[in-house]
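Student: I'd like to ask you about the structure that follows.
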Amino acid sequence: MIGYICKYTPVEIIEAFGEEPVRLESGYKSHEHAEALIHSNMCSFAKGVLENIIENNIEEVILTACCDSIRRLYDVLKDKVKFIYLLDLPRKKDPLAIDLFYNEIIEFIEAYQAFKNKNFAEENLLKILESKSFTKEKQSTESIAILGARLKDDVIEKIINSCTANVINFTCTGEERVFNIEAKDNLLKSYAESLLNLTPCMRMAEDRSKLINKEFKGIIYNTIKFCDFYSYEYAELKSKADIPLLKIETDYNDSNSGQILTRIDAFLESTGIKKMEKQRAKKGYFVGVDSGSTSTNVVIIDENKNIISYSIIPTGPKALESAFKAFEIALNSAGLQKKDITSIVATGYGRVSIPFADRIVTEITCHGKGAFFVDNAIRTVIDIGGQDSKVIRLDDSGNVIDFVMNDKCSAGTGRFLEVMARTLGISIEEMAKVHKEVKENITITSMCTVFAESEVISLIAQNKDQRDIIHALNKSIASKAISLVDRIGRKGKYMMTGGVAKNQGVVYAIESRLGEKLVIPFEPQIIGALGAALISLEGK
């Protein structure tokens, strides 16, 4: 077995040697071994590949010189594995580039022959290439594209299974290896040319904008943390492509996280290609369950969209138990039984853990639905909950047309406020009442919860007024929220939802930065559950 990472690797040469090529993935939660060998600031993909090699005791590796991180990976592995080869990869596919790559392949064959003590047979390669010479017919159905850095196979599979459109994977793991070798008298050179003619990756000089079809329903663009190249291409794509575009950022140990999957599902829902079981609206009572990180909220409405009852309880350590409890409270409050309920839609981070729900829908769609129902003049929803903050843009019909979310950091969320309230020795309710009376205009410089807590401790040591510190924290959250608003562009009317909307100080700070009043619903924590209940009623 020999491990490889790049689609330009001469995999068929390895197979012609009678060896098994295995694509190395980077999805390890811990980089314990890797961080003992390379700097912690190294690319997460390179660290994950190194962890994979060490964990699985892979002794043969072929790499391509596609970036500095992979070159450093080669340097580390030189003394760690039995065979390691760094293949130089040209950036173009002109005749000179083909000659260069052909010579690189020849040198690899010679090195691997010497290591394996076996001869390379061109006839074996020809048989393998002929077996890969078929071409699938192009599908004419509507499509969605995946661009940027590679995504884990299980994430790609989830997108395919969640989507009614054809999914075209333009990342370096998506293309089927198909070869139509014509010049068989110089097989290796023709093979080198075929490899360079694969769909160009980010490091190639070819114009990748040609990949974009105006008929695409949307594009999911994956970037790697701290890898600038993908962000440059994304920025250019966003400025030119008139197609719905979702940017996600992963470090390969978080691609299955709730936030990433929520963004993907919400994007598919907003483009109208999310697989959903169509239901006809019926008479009866309809339930929305919002299982969030801090609270679990349930709303029951009737067929006329009247709110019959609702409940809000802390989520606690088990999302399912909280969902059952909140559901029972709402039922008892309405004087109903489970048999009276026609349909249930679950949303929130715990939505997949609620077995009694008939459907699941992302909180992005549900918050938009609920906000528009409360006030159909709303065009921007600012939702700040316990775990994340998000801004949602609605069109004149209440459909989600764009959204942004914060990253994995808890800065600017309810959790941030809870930590700071504990540091100040007051309750979150006391903290929420402070908003206008300020003696000194203090600024918290750090957006990180941990570092901001250190700043607060320093301010306490300086005997700063507690109200001034709280005001500074409110400004910090407002700054984070406004940065999200500015990413999708300002457009009123604005509504604020989520538990943090009950904090007068944060609301005042956001309004001051925004220059407009925020609409605060009668109970801002239930807007997501209300939207879920409405979707349950409408059956779409």
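The values are calculated or read from the model by the stated rules, or taken from the named source; none is laboratory data. Here the structure is a predicted model, which means the values were calculated and not measured. FYI the Cβ positions are ideal-geometry reconstructions off the backbone, even for glycines, and counts take in every protein chain you see.
Student: Do you know which residues across the stretch 325-356 are out of contact with any strand residue (DSSP E or B) (no Cβ under 9 Å at 6 or more places or on another chain) and either of a type in the set (D, E, K, R) or outside the structural domain of LYS369 (by TED's automatic domain parsing) (or both)? Let's see the steps before the verdict.
Tutor: Pass one, the stretch 325-356, residues out of contact with any strand residue (DSSP E or B) (no Cβ under 9 Å at 6 or more places or on another chain): 337-339, 355.
Answer for the stretch 325-356, where residues must be out of contact with any strand residue (DSSP E or B) (no Cβ under 9 Å at 6 or more places or on another chain) and either of a type in the set (D, E, K, R) or outside the structural domain of LYS369 (by TED's automatic domain parsing) (or both): LYS338, LYS339.
Student: Here is a further query. Is it true that some residue in the stretch 434-447 is under 17 Å from LYS502 (Cα atoms), in the same structural domain as TYR508 (by TED's automatic domain parsing) and of a type in the set (A, V, I, L, M, F, W, C)? Show your work before the answer.
Tutor: Taking the stretch 434-447 first, the residues under 17 Å from LYS502 (Cα atoms) are 434-436.
Keeping just the survivors that are in the same structural domain as TYR508 (by TED's automatic domain parsing) gives 434-436.
When the remaining residues are screened for being of a type in the set (A, V, I, L, M, F, W, C), the result is 434.
There is at least one residue in the stretch 434-447 that is under 17 Å from LYS502 (Cα atoms), in the same structural domain as TYR508 (by TED's automatic domain parsing) and of a type in the set (A, V, I, L, M, F, W, C).
Student: Quick one: which helices (runs of 4 or more DSSP H) lie wholly within the stretch 424-540 and hold at least 2 residues that are under 27 Å from ALA377 (Cβ atoms)? Give the steps one after another, and end with the answer.
Tutor: Values: elements: 428-432, 449-461, 466-488, 504-514, 527-538.
The qualifying helices (runs of 4 or more DSSP H) are 466-488, 504-514, 527-538.
Student: Let me ask something else. Looking for something at negative phi, part of a loop (DSSP other than H, G, I, E, B) and loosely packed, with under 15 Cβ neighbours inside 10 Å - is there at least one such residue anywhere in the stretch 63-75?
Tutor: Initial filter on the stretch 63-75 (at negative phi): 63-75.
From the residues that got through so far, the ones that are part of a loop (DSSP other than H, G, I, E, B) too are 65-67.
Restricting the remaining residues to those that are loosely packed, with under 15 Cβ neighbours inside 10 Å gives none.
Among the residues of the stretch 63-75, not one is at negative phi, part of a loop (DSSP other than H, G, I, E, B) and loosely packed, with under 15 Cβ neighbours inside 10 Å, which makes the answer no.
Student: Before we move on, is ALA452 surrounded by 14 or more Cβ atoms within 10 Å (Cβ to Cβ), in contact (Cβ under 8 Å) with a residue 40 or more places away in the chain and of a type outside the set (Phe, Trp, Tyr)? Steps first, answer last, please.
Tutor: Details: surrounded by 14 or more Cβ atoms within 10 Å (Cβ to Cβ): yes; in contact (Cβ under 8 Å) with a residue 40 or more places away in the chain: yes; of a type outside the set (Phe, Trp, Tyr): yes.
The answer is yes for ALA452.
Student: Only one of ILE54, ILE62, ILE70, ILE106 is touching a helix residue (DSSP H, G or I) at 6+ places or on another chain (Cβ under 9 Å), assigned by TED's automatic domain parsing to the domain that holds GLU12, among the β-branched types (Val, Ile, Thr) and more than 30 Å from ILE248 (Cβ to Cβ); which?
Tutor: On the way: ILE54 fails: more than 30 Å from ILE248 (Cβ to Cβ); ILE62 fails: more than 30 Å from ILE248 (Cβ to Cβ); ILE70 fails: more than 30 Å from ILE248 (Cβ to Cβ).
Only one candidate qualifies: ILE106.
Student: If you check ILE181 against the conditions, is it farther than 30 Å from LYS247 by Cβ and either in contact (Cβ under 8 Å) with a residue 60 or more places away in the chain or of a type in the set (Asp, Glu) (or both)? Explain how you work it out, then say what you get.
Tutor: On the way: farther than 30 Å from LYS247 by Cβ: yes; either in contact (Cβ under 8 Å) with a residue 60 or more places away in the chain or of a type in the set (Asp, Glu) (or both): no.
Spelling it out, it is not the case that ILE181 is farther than 30 Å from LYS247 by Cβ and either in contact (Cβ under 8 Å) with a residue 60 or more places away in the chain or of a type in the set (Asp, Glu) (or both).
Student: Can you list the helices (runs of 4 or more DSSP H) found entirely within the stretch 115-196 that contain at least 3 residues being more than 21 Å from LEU87 (Cβ to Cβ)? Spell out how you get there, then give the answer.
Tutor: Values: elements: 122-131, 153-162, 187-196.
So the answer is 122-131, 153-162.
Student: Now for a different question. For the stretch 290-304: of the residues being of a type in the set (A, V, I, L, M) and closer than 11 Å to GLY528 by Cβ, which is nearest to the chain's Cα centre (by Cα)? It would help to see each step written out before you state the result.
Tutor: From the stretch 290-304, those of a type in the set (A, V, I, L, M) are 298-301; that's our starting set.
Now restrict to residues that are closer than 11 Å to GLY528 by Cβ: 298-299.
Details: VAL298: 27, VAL299: 28 Å.
Top of the filtered list is VAL298.
Student: If only one of GLU104, GLU122 is in contact with a Leu (Cβ under 6 Å, 6 or more places away or on another chain) and surrounded by 18 or more Cβ atoms within 10 Å (Cβ to Cβ), which one is it?
Tutor: On the way: GLU122 fails: surrounded by 18 or more Cβ atoms within 10 Å (Cβ to Cβ).
Just one listed residue meets the conditions, GLU104.
Here is a yes/no grid of residues against (1) within 26 Å of the chain's Cα centre (by Cα); (2) under 24 Å from ALA481 (Cα atoms); (3) buried (at least 24 other Cβ atoms within 10 Å of the Cβ):
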residue: VAL345; (1), (2), (3): yes, no, yes
residue: SER353; (1), (2), (3): yes, no, no
residue: ALA357; (1), (2), (3): yes, no, no
residue: GLY368; (1), (2), (3): yes, yes, yes
residue: ALA377; (1), (2), (3): no, yes, no
residue: GLY386; (1), (2), (3): yes, yes, no
residue: SER397; (1), (2), (3): no, no, no
residue: VAL404; (1), (2), (3): yes, yes, no
residue: THR423; (1), (2), (3): no, yes, no
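Student: Scanning the stretch 434-449 for residues that are loosely packed, with under 13 Cβ neighbours inside 10 Å and of a type outside the set (Asp, Glu), which turns out farthest from GLY505 (Cα to Cα)? It would help to see each step written out before you state the result.
Tutor: Let us first name the residues in the stretch 434-449 that are loosely packed, with under 13 Cβ neighbours inside 10 Å, namely 436-437, 439-441, 443, 445.
Then keep just the ones that are of a type outside the set (Asp, Glu); that gives 436, 439, 441, 443, 445.
Working: LYS436: 7, LYS439: 15, ASN441: 14, THR443: 15, THR445: 18 Å.
Out of the qualifying residues, it is THR445.
Student: Kindly provide the set of residues from the stretch 187-223 that are surrounded by fewer than 19 Cβ atoms within 10 Å (Cβ to Cβ) and of a type in the set (Asp, Glu), ordered by number.
Tutor: Matches in the stretch 187-223: GLU206, ASP207, GLU215.
Student: Just the residues that are touching a residue at least 40 places away in the same chain (Cβ under 8 Å) and within 16 Å of ILE224 (Cβ to Cβ), please, taken from the stretch 11-30.
Tutor: If the condition is that a residue be touching a residue at least 40 places away in the same chain (Cβ under 8 Å) and within 16 Å of ILE224 (Cβ to Cβ), then GLU25, SER26, GLY27, TYR28 are the ones that fit.
Student: Which of the residues that make up the stretch 28-47 are in contact with a helix residue (DSSP H, G or I) (Cβ under 7 Å, 6 or more places away or on another chain), surrounded by fewer than 20 Cβ atoms within 10 Å (Cβ to Cβ) and not in a helix (DSSP H, G or I)?
Tutor: Within the stretch 28-47, LEU37, ILE38 meet the criteria.
Student: Suppose we filter the stretch 210-242 for residues that are among the charged types (D, E, K, R) and within 16 Å of the chain's Cα centre (by Cα); how many remain? Write out each step before concluding.
Tutor: First, the residues of the stretch 210-242 that are among the charged types (D, E, K, R): 210, 214-215, 217, 225, 228, 233, 236, 238, 240, 242.
From the residues that got through so far, the ones that are within 16 Å of the chain's Cα centre (by Cα) too are 225.
Looking only at that region, the number is 1.
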